[in-house]
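The values are calculated or read from the model by the stated rules, or taken from the named source; none is laboratory data. Everything numeric in this text was worked out from a predicted model, so none of it was measured. No Cβ is skipped: glycine too gets one built from the backbone with ideal geometry, and neighbour counts run over all protein chains shown.
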Amino acid sequence: MDLGLKGKVAVVAASSKGLARAVAEEFSREGARVVMCSRDEASIKGAADGIQKKTGGEIAWTVADVGTAQGCDRLLKTALDRFGTIDILVSNAGGPPPGRFDDLDDAAWQKAVDITLFSAVRLTRLALPHMRKAGSGSIVYMTSTTVRQPTQYLNLILSNAIRAAVQGMAKTLSSDLAKDGVRVNCVQPGRIFTERIQQLDNDTARRQDTTPDAIRAHYEKNVIPLGRYGKPEEFAAAVVFLASPKASYITGTSLQVDGGMLMSMF
Ligand SMILES: NC(=O)c1ccc[n+]([C@@H]2O[C@H](COP(=O)([O-])OP(=O)(O)OC[C@H]3O[C@@H](n4cnc5c(N)ncnc54)[C@H](OP(=O)(O)O)[C@@H]3O)[C@@H](O)[C@H]2O)c1
(Lines give C-alpha, C1' and ligand atoms only; values in the text may rest on other atoms or scores of the structure.)
Protein backbone atom coordinates (compact mmCIF):
# COMPACT_ATOMS: atom_id res chain seq x y z
CA MET A 1 0.00 0.00 0.00
CA ASP A 2 1.34 3.44 -0.89
CA LEU A 3 0.67 5.60 2.16
CA GLY A 4 1.24 8.81 0.20
CA LEU A 5 4.06 9.95 2.48
CA LYS A 6 6.78 10.62 -0.09
CA GLY A 7 8.28 14.06 0.53
CA LYS A 8 5.99 14.87 3.46
CA VAL A 9 7.67 16.50 6.47
CA ALA A 10 7.08 14.52 9.66
CA VAL A 11 8.19 15.91 13.02
CA VAL A 12 8.60 13.10 15.55
CA ALA A 13 9.27 14.41 19.06
CA ALA A 14 11.42 12.64 21.66
CA SER A 15 12.66 10.10 19.19
CA SER A 16 16.19 8.87 19.94
CA LYS A 17 14.91 5.60 21.41
CA GLY A 18 11.95 3.38 21.88
CA LEU A 19 8.58 3.92 20.22
CA ALA A 20 9.20 7.28 18.59
CA ARG A 21 12.53 6.16 17.14
CA ALA A 22 10.71 3.31 15.45
CA VAL A 23 8.06 5.78 14.22
CA ALA A 24 10.77 8.02 12.74
CA GLU A 25 12.34 5.05 10.98
CA GLU A 26 9.03 3.91 9.52
CA PHE A 27 8.26 7.42 8.21
CA SER A 28 11.66 7.52 6.60
CA ARG A 29 11.18 4.10 5.04
CA GLU A 30 7.94 5.43 3.53
CA GLY A 31 9.80 8.34 1.93
CA ALA A 32 8.88 11.11 4.37
CA ARG A 33 11.41 13.73 5.42
CA VAL A 34 11.82 13.31 9.16
CA VAL A 35 12.70 15.67 11.98
CA MET A 36 13.80 14.15 15.30
CA CYS A 37 14.88 15.33 18.75
CA SER A 38 15.89 14.21 22.21
CA ARG A 39 17.73 15.75 25.15
CA ASP A 40 21.01 13.98 24.48
CA GLU A 41 23.16 14.90 21.50
CA ALA A 42 25.02 11.61 21.09
CA SER A 43 21.84 9.66 21.37
CA ILE A 44 19.75 11.64 18.87
CA LYS A 45 22.61 11.96 16.40
CA GLY A 46 23.21 8.21 16.61
CA ALA A 47 19.53 7.48 16.02
CA ALA A 48 19.25 9.87 13.08
CA ASP A 49 22.45 8.53 11.47
CA GLY A 50 21.28 4.95 11.99
CA ILE A 51 17.94 5.61 10.30
CA GLN A 52 19.56 7.55 7.47
CA LYS A 53 21.91 4.63 6.78
CA LYS A 54 19.05 2.14 6.74
CA THR A 55 16.58 4.11 4.63
CA GLY A 56 18.69 6.61 2.69
CA GLY A 57 16.08 9.23 3.65
CA GLU A 58 16.41 12.89 4.60
CA ILE A 59 16.59 13.36 8.37
CA ALA A 60 17.06 16.51 10.44
CA TRP A 61 17.70 16.35 14.15
CA THR A 62 18.25 18.63 17.10
CA VAL A 63 18.85 18.50 20.83
CA ALA A 64 15.65 19.69 22.49
CA ASP A 65 13.79 19.08 25.73
CA VAL A 66 10.12 19.11 24.77
CA GLY A 67 9.21 19.63 28.43
CA THR A 68 10.24 23.28 27.90
CA ALA A 69 8.92 26.05 25.64
CA GLN A 70 12.43 26.59 24.21
CA GLY A 71 12.80 22.91 23.39
CA CYS A 72 9.51 22.81 21.50
CA ASP A 73 10.51 25.98 19.62
CA ARG A 74 13.84 24.47 18.69
CA LEU A 75 12.34 21.27 17.32
CA LEU A 76 9.82 23.05 15.11
CA LYS A 77 12.41 25.62 14.01
CA THR A 78 14.70 22.78 12.94
CA ALA A 79 11.90 21.42 10.75
CA LEU A 80 11.15 24.79 9.20
CA ASP A 81 14.79 25.78 8.66
CA ARG A 82 15.56 22.50 6.94
CA PHE A 83 12.35 21.66 5.09
CA GLY A 84 10.23 24.83 5.10
CA THR A 85 6.99 23.29 6.30
CA ILE A 86 5.39 20.74 8.63
CA ASP A 87 2.88 18.21 7.32
CA ILE A 88 2.79 15.77 10.22
CA LEU A 89 3.38 16.12 13.94
CA VAL A 90 3.84 13.11 16.19
CA SER A 91 3.66 14.47 19.72
CA ASN A 92 5.60 12.38 22.21
CA ALA A 93 7.72 12.89 25.32
CA GLY A 94 9.38 10.68 27.88
CA GLY A 95 6.94 9.17 30.36
CA PRO A 96 6.66 10.76 33.79
CA PRO A 97 8.54 8.88 36.52
CA PRO A 98 6.77 6.06 38.31
CA GLY A 99 5.46 6.79 41.79
CA ARG A 100 2.36 6.41 43.92
CA PHE A 101 0.40 9.38 45.23
CA ASP A 102 2.30 9.57 48.52
CA ASP A 103 5.66 9.63 46.71
CA LEU A 104 4.90 12.79 44.74
CA ASP A 105 5.12 16.45 45.71
CA ASP A 106 3.90 19.51 43.80
CA ALA A 107 7.20 19.82 41.93
CA ALA A 108 6.90 16.26 40.61
CA TRP A 109 3.31 16.92 39.45
CA GLN A 110 4.29 20.21 37.81
CA LYS A 111 7.19 18.62 35.96
CA ALA A 112 4.94 15.86 34.69
CA VAL A 113 2.40 18.43 33.48
CA ASP A 114 5.17 20.25 31.61
CA ILE A 115 6.48 17.09 29.99
CA THR A 116 3.27 15.24 29.23
CA LEU A 117 0.64 17.97 28.69
CA PHE A 118 2.54 21.12 27.79
CA SER A 119 4.77 19.38 25.25
CA ALA A 120 1.58 18.40 23.40
CA VAL A 121 0.04 21.87 23.76
CA ARG A 122 3.15 23.73 22.63
CA LEU A 123 4.13 21.46 19.76
CA THR A 124 0.57 21.65 18.46
CA ARG A 125 0.46 25.44 18.76
CA LEU A 126 3.72 25.74 16.83
CA ALA A 127 2.81 23.29 14.08
CA LEU A 128 -0.73 24.50 13.45
CA PRO A 129 -0.06 27.74 11.53
CA HIS A 130 1.90 25.78 8.93
CA MET A 131 -0.77 23.11 8.59
CA ARG A 132 -3.52 25.75 8.36
CA LYS A 133 -1.56 27.61 5.70
CA ALA A 134 -1.23 24.39 3.70
CA GLY A 135 -4.91 23.54 4.27
CA SER A 136 -3.91 20.07 5.45
CA GLY A 137 -2.01 18.28 8.15
CA SER A 138 -2.07 15.41 10.55
CA ILE A 139 -1.32 15.20 14.25
CA VAL A 140 -0.86 11.99 16.21
CA TYR A 141 -0.54 12.06 19.98
CA MET A 142 1.24 9.11 21.52
CA THR A 143 -0.70 8.48 24.72
CA SER A 144 -1.27 5.16 26.51
CA THR A 145 -3.88 2.48 27.10
CA THR A 146 -3.83 3.72 30.70
CA VAL A 147 -6.00 6.60 29.46
CA ARG A 148 -8.81 4.06 29.06
CA GLN A 149 -7.88 1.82 31.95
CA PRO A 150 -5.14 2.54 34.50
CA THR A 151 -2.89 -0.47 35.01
CA GLN A 152 -3.51 -2.81 37.92
CA TYR A 153 -0.23 -1.61 39.40
CA LEU A 154 -0.69 1.79 41.03
CA ASN A 155 2.69 3.38 40.39
CA LEU A 156 1.71 5.36 37.31
CA ILE A 157 -0.57 7.97 38.79
CA LEU A 158 1.15 10.87 37.02
CA SER A 159 0.75 9.24 33.64
CA ASN A 160 -2.82 8.12 34.36
CA ALA A 161 -3.90 11.59 35.44
CA ILE A 162 -2.11 13.81 32.95
CA ARG A 163 -2.38 11.78 29.75
CA ALA A 164 -6.13 11.95 30.11
CA ALA A 165 -5.81 15.71 29.58
CA VAL A 166 -3.90 15.14 26.33
CA GLN A 167 -6.56 12.71 25.20
CA GLY A 168 -9.32 15.24 25.96
CA MET A 169 -7.45 17.95 24.12
CA ALA A 170 -6.93 15.68 21.11
CA LYS A 171 -10.60 14.76 20.84
CA THR A 172 -11.66 18.40 21.10
CA LEU A 173 -9.07 19.47 18.55
CA SER A 174 -10.15 16.80 16.09
CA SER A 175 -13.53 18.53 15.80
CA ASP A 176 -12.14 22.03 15.86
CA LEU A 177 -9.44 21.49 13.24
CA ALA A 178 -11.44 19.48 10.74
CA LYS A 179 -12.45 22.71 9.01
CA ASP A 180 -8.73 23.48 8.51
CA GLY A 181 -8.06 20.11 6.90
CA VAL A 182 -6.08 18.90 9.92
CA ARG A 183 -6.73 15.40 11.26
CA VAL A 184 -6.03 14.54 14.88
CA ASN A 185 -5.70 11.02 16.28
CA CYS A 186 -4.14 9.21 19.23
CA VAL A 187 -2.27 5.93 19.37
CA GLN A 188 -2.19 4.16 22.71
CA PRO A 189 0.61 1.69 23.43
CA GLY A 190 -0.07 -1.08 25.92
CA ARG A 191 3.17 -2.85 26.73
CA ILE A 192 5.63 -2.42 23.88
CA PHE A 193 9.09 -3.47 24.98
CA THR A 194 11.37 -0.42 25.34
CA GLU A 195 13.63 1.05 28.01
CA ARG A 196 10.56 2.73 29.51
CA ILE A 197 8.74 -0.59 29.99
CA GLN A 198 11.94 -2.09 31.42
CA GLN A 199 12.09 0.83 33.89
CA LEU A 200 8.44 0.36 34.90
CA ASP A 201 8.82 -3.39 35.33
CA ASN A 202 11.91 -2.81 37.49
CA ASP A 203 9.97 -0.33 39.64
CA THR A 204 6.94 -2.63 40.02
CA ALA A 205 9.19 -5.59 40.86
CA ARG A 206 10.95 -3.58 43.57
CA ARG A 207 7.65 -2.51 45.12
CA GLN A 208 6.31 -6.08 45.03
CA ASP A 209 9.52 -7.75 46.13
CA THR A 210 9.75 -9.82 42.99
CA THR A 211 11.73 -9.72 39.73
CA PRO A 212 11.14 -7.77 36.49
CA ASP A 213 11.01 -11.13 34.65
CA ALA A 214 8.16 -12.24 36.92
CA ILE A 215 6.24 -9.03 36.18
CA ARG A 216 6.71 -9.53 32.44
CA ALA A 217 5.72 -13.19 32.70
CA HIS A 218 2.54 -12.21 34.55
CA TYR A 219 1.54 -9.81 31.76
CA GLU A 220 2.42 -12.25 28.99
CA LYS A 221 0.62 -15.18 30.61
CA ASN A 222 -2.40 -13.56 32.22
CA VAL A 223 -3.03 -10.09 30.85
CA ILE A 224 -2.12 -9.84 27.15
CA PRO A 225 -4.20 -12.16 24.94
CA LEU A 226 -1.52 -12.25 22.21
CA GLY A 227 0.82 -13.58 24.92
CA ARG A 228 3.78 -11.26 24.51
CA TYR A 229 5.00 -7.68 24.80
CA GLY A 230 4.81 -5.75 21.52
CA LYS A 231 7.71 -4.57 19.37
CA PRO A 232 8.31 -0.85 18.65
CA GLU A 233 7.92 -1.43 14.91
CA GLU A 234 4.44 -2.87 15.51
CA PHE A 235 3.47 0.36 17.25
CA ALA A 236 5.16 2.49 14.58
CA ALA A 237 3.14 0.92 11.77
CA ALA A 238 -0.09 2.12 13.40
CA VAL A 239 1.17 5.68 13.95
CA VAL A 240 2.51 6.04 10.43
CA PHE A 241 -0.70 4.75 8.86
CA LEU A 242 -2.94 7.06 10.93
CA ALA A 243 -0.69 10.03 10.17
CA SER A 244 -0.63 9.30 6.46
CA PRO A 245 -2.92 10.60 3.71
CA LYS A 246 -4.18 7.02 3.32
CA ALA A 247 -6.10 7.56 6.60
CA SER A 248 -7.81 10.60 5.10
CA TYR A 249 -11.25 9.90 6.64
CA ILE A 250 -9.98 9.02 10.11
CA THR A 251 -9.93 11.74 12.73
CA GLY A 252 -10.74 11.89 16.43
CA THR A 253 -9.95 8.23 16.92
CA SER A 254 -7.75 6.47 19.47
CA LEU A 255 -6.16 3.23 18.43
CA GLN A 256 -4.89 0.80 21.03
CA VAL A 257 -1.78 -1.17 20.11
CA ASP A 258 -1.78 -3.58 23.01
CA GLY A 259 -2.04 -7.21 21.89
CA GLY A 260 -5.68 -7.21 23.03
CA MET A 261 -4.80 -6.26 26.61
CA LEU A 262 -7.71 -3.91 27.31
CA MET A 263 -11.11 -5.51 27.73
CA SER A 264 -13.09 -2.33 27.03
CA MET A 265 -15.22 -2.47 23.87
CA PHE A 266 -14.61 1.17 22.90
N1 LIG B 1 6.50 1.48 25.68
C2 LIG B 1 5.23 1.35 25.98
O3 LIG B 1 4.64 0.29 25.87
C4 LIG B 1 4.45 2.53 26.50
C5 LIG B 1 3.20 2.31 27.05
C6 LIG B 1 2.43 3.38 27.48
C7 LIG B 1 2.94 4.67 27.34
N8 LIG B 1 4.18 4.85 26.82
C9 LIG B 1 4.66 6.23 26.71
O10 LIG B 1 5.09 6.51 25.39
C11 LIG B 1 6.20 7.43 25.43
C12 LIG B 1 7.41 6.81 24.72
O13 LIG B 1 7.70 5.60 25.39
P14 LIG B 1 9.00 4.73 25.09
O15 LIG B 1 8.68 3.39 25.64
O16 LIG B 1 9.43 4.90 23.69
O17 LIG B 1 10.07 5.47 26.06
P18 LIG B 1 11.67 5.39 26.06
O19 LIG B 1 12.13 4.09 25.51
O20 LIG B 1 12.03 5.75 27.46
O21 LIG B 1 12.12 6.55 25.06
C22 LIG B 1 11.84 7.87 25.37
C23 LIG B 1 12.46 8.78 24.32
O24 LIG B 1 12.06 10.12 24.60
C25 LIG B 1 13.22 10.95 24.74
N26 LIG B 1 12.85 11.96 25.75
C27 LIG B 1 12.49 11.72 27.02
N28 LIG B 1 12.16 12.89 27.62
C29 LIG B 1 12.32 13.86 26.68
C30 LIG B 1 12.15 15.26 26.71
N31 LIG B 1 11.72 15.90 27.81
N32 LIG B 1 12.43 15.97 25.58
C33 LIG B 1 12.86 15.33 24.47
N34 LIG B 1 13.04 14.00 24.40
C35 LIG B 1 12.77 13.28 25.50
C36 LIG B 1 14.34 10.01 25.16
O37 LIG B 1 15.61 10.49 24.78
P38 LIG B 1 16.55 11.36 25.76
O39 LIG B 1 16.58 10.63 27.07
O40 LIG B 1 17.86 11.40 25.05
O41 LIG B 1 15.92 12.72 25.87
C42 LIG B 1 13.98 8.79 24.31
O43 LIG B 1 14.42 8.97 22.99
C44 LIG B 1 6.46 7.71 26.91
O45 LIG B 1 5.75 8.85 27.30
C46 LIG B 1 5.88 6.49 27.59
O47 LIG B 1 5.51 6.73 28.93
C48 LIG B 1 4.94 3.82 26.41
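Among the residues examined, Gly259 qualifies as over 22 Å from Ser28 (Cβ atoms), modelled with pLDDT of 95 or more and within 20 Å of the chain's Cα centre (by Cα). Lys53 meets all of the listed conditions (1) away from the ligand (no atom under 13 Å from the Cβ); (2) in contact with a Ser or Thr (Cβ under 7 Å, 6 or more places away or on another chain) but one, namely (2).
So that you can scan it fast, the table gives a plain yes or no per residue for (1) buried (at least 22 other Cβ atoms within 10 Å of the Cβ); (2) over 27 Å from Gly99 (Cβ atoms); (3) of a type outside the set (Ser, Thr, Tyr); (4) touching a helix residue (DSSP H, G or I) at 6+ places or on another chain (Cβ under 9 Å):
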| position | (1), (2), (3), (4) |
| --- | --- |
| Val182 | yes, yes, yes, yes |
| Ile197 | yes, no, yes, yes |
| His218 | no, no, yes, no |
| Ile224 | no, no, yes, no |
| Pro232 | no, no, yes, yes |
| Val240 | yes, yes, yes, yes |
| Lys246 | no, yes, yes, no |
| Gly252 | no, yes, yes, yes |
| Gln256 | no, no, yes, yes |
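One residue stands out in segment 80-103 among those that are more than 18 Å from the chain's Cα centre (by Cα) and not in a loop (DSSP other than H, G, I, E, B): the one that is nearest to the ligand (Cβ to nearest atom), namely Gly99. Do you know which of the residues in segment 179-201 that are polar (S, T, N, Q) and either in contact with a Leu (Cβ under 8 Å, 6 or more places away or on another chain) or outside any helix (DSSP H, G or I) (or both) is nearest to Ile215 (Cα to Cα)? So the residue we want is Thr194.
A count restricted to segment 150-178 and to residues that are in a loop (DSSP other than H, G, I, E, B) and either within 12 Å of the ligand (Cβ to nearest atom) or in contact with an Asp or Glu (Cβ under 7 Å, 6 or more places away or on another chain) (or both) stands at 3.
Here Ala32 passes the criteria (1) modelled with pLDDT of 95 or more; (2) surrounded by fewer than 21 Cβ atoms within 10 Å (Cβ to Cβ) except the one numbered (2). Considering each residue of segment 10-27 in turn, none proves to be more than 27 Å from Arg191 (Cα to Cα), more than 9 Å from the ligand (Cβ to nearest atom) and of a type outside the set (A, V, I, L, M).
Checking each residue in segment 4-35 for being part of a loop (DSSP other than H, G, I, E, B) and under 26 Å from Tyr229 (Cβ atoms) picks out Ala13, Ala14, Ser15, Ser16, Lys17, Glu30.
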